[in-house]
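*Asks:* Dropping a structure here in structure tokens format, bear with me for questions.
Nothing in this text is a laboratory measurement; each read-out follows from the coordinates by a stated rule. Predicted, not measured: the structure shown is a model, and the values here were computed from it. When we count neighbours, we look across all protein chains shown, and the Cβ atoms used for this are built from the backbone with ideal geometry, even at glycine.
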Amino acid sequence: MPMSLIETKKVSVRYGSIEALSQVSFVIDEGNYVGIIGPNGSGKTSLIKALLGLVGFEGEIFFQGKRLSEFRQTKHIGYLPQKLSFLDQRFPATAREIVVSGVYCCKKFPKHLTKKDDKAAERAMEVLGIESLSHRLIGKLSGGQQQRVLLARALVHNPRLLILDEPTVALDPQSREAFYATLSELNKKHGVTILFISHDVGAIGAHASKLLYLDRSLVFYGSFKEFCQSKTMTDYFKEGQHFICHRHDDRGTSL
């Protein structure tokens, strides 16, 4: 029986007088692949920031039955944001240097790299099939290659949970599908629990085991099949639900 990895109880996030997230409760088991979806301003990023301890919140968040604040979050959670400020064509670092920098989150001062860290970077790149990129400058890589490097960076310290904030936005369709396939392999073969923020319900529905739909509060949480059969989502989307599910079915994915 799968163990609960994350549980939220009536989590709310406020920015001054604005309530960005209201009374959100759900459970994510180890090994789940959850697509977090919803319109702009629905609270997706606020939820992730709460899970990462980056914003204050009301309610409770638990990690394996204990309050999240009792854990060194950076040790247990890998995070791949939509954009990294340092990543541009002129950034003078190789792919391997980017990947190994991911271990700094778990080190105490002074933060020196060791041979063990180099081995961890090597393993992460092997898992993602990007060993050949080790000595290439990050700015010289394609968008898809850069995302795999950044994914390796997020995985280098062996997190139990991987959180991704719309990482496929800037990718072409071929690179996007390859990236989704990589995540599915990490989830199924290596047991990594994944939370993936996306605007594209149909695309993430083809890969995620569950969908979590937010619109400031929790609208829906379940499988894609349940999503397509949900009266709540029919009332919410009207004809849009049929379009989403039909497009998903056209991709050859079983409902």
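*Asks:* What residue among SER223, SER42, MET125 has its Cα farthest toward the positive end of the dipole of the chain, where the charges are +1 on Lys, Arg and -1 on Asp, Glu, each on the Cβ?
*Replies:* MET125
*Asks:* Sorted by mean Cβ packing within 10 Å, highest first, what order do the peptides 124-133, 161-170, 201-210 take?
*Replies:* 201-210, 161-170, 124-133
*Asks:* Given the pairs LYS44/LYS119; LYS44/LYS210; LYS119/LYS188, which span a C-alpha to C-alpha distance of over 26 angstrom in this model?
*Replies:* LYS44/LYS119
*Asks:* How far is it, in nm, from the label point at LYS116 to the one at ASP29 when both lie 7 Å from their Cα along the line to the Cβ?
*Replies:* Roughly 3.3 nm, to one decimal.
*Asks:* Could I ask something else about it? Treat each spin label as a single point 7 Å out from the Cα along the C-beta direction, and report the ASP172 to MET3 distance in nm.
*Replies:* Here the modelled spin labels are 4.4 nm apart.
*Asks:* Evaluate E = 1/(1 + (r/R0)^6) for GLN82 and LEU54, where r is the Cβ-Cβ distance and R0 equals 22 Å; express this FRET efficiency to the nearest 0.05.
*Replies:* The formula returns an efficiency of 0.90 here.
*Asks:* At LYS140 and LYS10, where each label point lies 7 Å from the Cα along Cα→Cβ, what is the point-to-point distance in nanometres?
*Replies:* So the two model labels end up 5.7 nm from each other.
*Asks:* At most 11 other Cβ atoms within 10 Å and a DSSP loop assignment: could you name the chymotrypsin sites (Phe, Trp or Tyr not before Pro) in the range 179-241 that fit? Write down the numbers at each step before the final one.
*Replies:* On the way: sites: PHE179, TYR180, PHE196, TYR213, PHE220, TYR221, PHE224, PHE227, TYR236, PHE237; in loops: none.
Sparse-neighbourhood loop chymotrypsin sites (Phe, Trp or Tyr not before Pro): none present.
*Asks:* Could you derive backbone 3J(HN,Hα) for the range 40-56 from the dihedral phi with the Karplus parameters 6.51, -1.76 and 1.60 (θ = phi - 60°), listing whole Hz in sequence and x where the residue is Gly or Pro?
*Replies:* So the J values, rounded to whole Hz, are 4, x, 7, x, 4, 5, 5, 4, 4, 4, 5, 5, 8, x, 8, 9, x.
*Asks:* Only helical DSSP H runs with n ≥ 4 go in: add -39500 (n - 2.57) per run for the chain, normalise by residue count and round the 222 nm mean residue ellipticity to 500 deg cm²/dmol.
*Replies:* Mean residue ellipticity, 222 nm, calculated: -10500 deg cm²/dmol.
*Asks:* Still on this model: Compute the length gained on full extension between GLU70 and ASN158: take 0.36 nm times their separation in residues and subtract their Cα-Cα distance, giving the result in nm to one decimal.
*Replies:* Length gained between GLU70 and ASN158: 29.8 nm.
*Asks:* Explain nothing, just the number: dipole magnitude of the chain about its Cα centre with +1 on each Lys and Arg Cβ and -1 on each Asp and Glu Cβ, in debye rounded to the nearest 20. Walk me through the numbers on the way to the answer.
*Replies:* Working: 34 positive and 26 negative charges, 183 e Å.
Taking the Cα centre of the chain as origin, the dipole is about 880 debye.
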